[in-house]
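Notes to accompany the following structure.
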Amino acid sequence: PTAADDVFANNFTVTIDQNVTALSLRTEAATGINAGGGFTLSASYDISADLYSGSSTCVTFSANSPAVTNITGNLYGSTTSTTGDLRAFNHTGTGTSNITGNLLGGTGATGNRRVAARISAAGTMNINGNVTGNTGVTNHGLIVENNGSATITGNLATNGNIAVSITSGSLTVTGTLIGGAANLISASTCNVTVNGNQSLSSSSTAALISQTVSRNLTVNGSVTNNTTSASSLPVVAISGAVNLTVNGVIIQNATGNTGHNVI
């Protein structure tokens, strides 16, 4: 394939054993092409292509440290599957993945996680791009599990769902958290650091950060609540013995409800 080609797994398991450049890698169906299959990456090779998950995970990176893969392209969670936990990019080893591109969660019903990317081992993922959660309850832009470490240089946003769900490990975000109808970060049993001035907009109806279970939450920047929501709404919502550090100014500009707290 060339940089002008869409590449389909066609229900096969395809081993990547060299650097790859294509328009996209996909596990979707197309005319004369079967859905399913996937691409496996177990060594230090690079991919320059957009990644699309269809009825199965698109690319699985299973290499352990010191292996490094560089992904240049946007990652899209599945919009076609109705079952299963699917990822455009699944990082399952202890190596390092560097992603230059935006992450967008998939769409679909409750009970299945159609996400753009997931790290599920004690490896490292660095994302230079924006991360957005999409419609549906569990269609996140990024999932961090099993002591993974993720760093995002870019903005977090929601198209109806959580941008980043982290249940173990660490997350660092340098960018703007753009409020909406869902929390941008849902965290438990992990350390979260947010760098930058964060503000809950007047139209937001959910907190920017929700953290439960004892670990550390650090915000390096100002935190401002500008909401006009009719219900009580904080910028940062904590439940549990979380250690919170704010290195900046806390500003309360919210109107419309006396329960609007910054934290």
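The values are calculated or read from the model by the stated rules, or taken from the named source; none is laboratory data. Remember, predicted model here, so these are calculated numbers, not experimental data. No Cβ is skipped: glycine too gets one built from the backbone with ideal geometry, and neighbour counts run over all protein chains shown. The area values use the complete protein model at the heavy-atom level, side chains included, leaving out ligands, DNA and RNA. Shrake-Rupley method; radii C 1.70, N 1.55, O 1.52, S 1.80 Å.
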task = Output yes when any residue across region 243-262 is touching a Gly at 6+ places or on another chain (Cβ under 9 Å) and closer than 27 Å to Thr92 by Cβ, and no when none is.
result = no
_Any residue that is within 28 Å of Thr135 (Cα to Cα), of a type outside the set (Val, Ile, Thr) and over 16 Å from the mean Cα position of the chain (by Cα) - is there at least one of those in region 90-99?_
no
Filter result for Ala237 (among the small types (Gly, Ala, Ser), open to solvent by 20 Å² or more (accessible area, probe 1.4 Å) and over 13 Å from the mean Cα position of the chain (by Cα))
yes
Reported set for region 167-179 where residues are more than 19 Å from Gly240 (Cα to Cα), outside any strand (DSSP E or B) and open to solvent by less than 40 Å² (accessible area, probe 1.4 Å) is Gly175, Gly179
Restricting region 27-58 to residues that are closer than 15 Å to Thr96 by Cβ and not small (Gly, Ala, Ser), the one most open to solvent (accessible area, probe 1.4 Å) turns out to be Tyr45
Among residues of region 101-113 being over 21 Å from Leu184 (Cβ atoms) and open to solvent by 40 Å² or more (accessible area, probe 1.4 Å), the residue modelled with the lowest pLDDT is Gly111
Over region 114-142, the set of residues farther than 19 Å from Asn64 by Cα, part of a strand (DSSP E or B) and at pLDDT 95 or above is Ala116, Asn128, Val131, Thr132, Leu142
Checked region 215-234 for anything within 13 Å of Val194 (Cβ to Cβ) and either surrounded by fewer than 13 Cβ atoms within 10 Å (Cβ to Cβ) or among the β-branched types (Val, Ile, Thr) (or both); matches are Thr218, Val219, Val223
Of Asn139, Asn134, the only residue that is of a type outside the set (Ser, Thr, Tyr), out of contact with any Asp or Glu (no Cβ under 6 Å at 6 or more places or on another chain) and open to solvent by 10 Å² or more (accessible area, probe 1.4 Å) is Asn134
All-but-one check, Glu28 against (1) touching a residue at least 40 places away in the same chain (Cβ under 8 Å); (2) closer than 30 Å to Ser149 by Cβ, failing number (2)
Within region 1-44, the residues that are in a loop (DSSP other than H, G, I, E, B), touching a Leu at 6+ places or on another chain (Cβ under 9 Å) and among the hydroxyl-bearing types (Ser, Thr, Tyr) are Thr2, Thr27
Could you tell me whether region 214-228 includes any residue that is farther than 25 Å from Asn253 by Cα and modelled with pLDDT of 90 or more?
yes
With criteria (1) β-branched (Val, Ile, Thr); (2) modelled with pLDDT of 95 or more; (3) in a loop (DSSP other than H, G, I, E, B), Ile152 comes up short on (3)
The correct count of residues that are more than 17 Å from Asn183 (Cβ to Cβ) and either assigned to a loop (DSSP other than H, G, I, E, B) or not aliphatic (A, V, I, L, M) (or both) in region 227-253 is 10
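So that you can scan it fast, the table gives a plain yes or no per residue for (1) in contact (Cβ under 8 Å) with a residue 24 or more places away in the chain; (2) surrounded by fewer than 21 Cβ atoms within 10 Å (Cβ to Cβ); (3) of a type in the set (S, T, N, Q); (4) closer than 26 Å to Ala230 by Cβ:
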residue	(1), (2), (3), (4)
Gly160	yes, yes, no, yes
Ala181	yes, yes, no, yes
Leu184	yes, no, no, yes
Ser188	yes, yes, yes, no
Thr193	yes, yes, yes, no
Ser199	yes, no, yes, yes
Gln211	yes, no, yes, yes
Of the residues in region 63-87, those that are farther than 15 Å from Thr132 by Cα, touching a Leu at 6+ places or on another chain (Cβ under 8 Å) and of a type outside the set (Gly, Ala, Ser) come to Thr69, Ile71
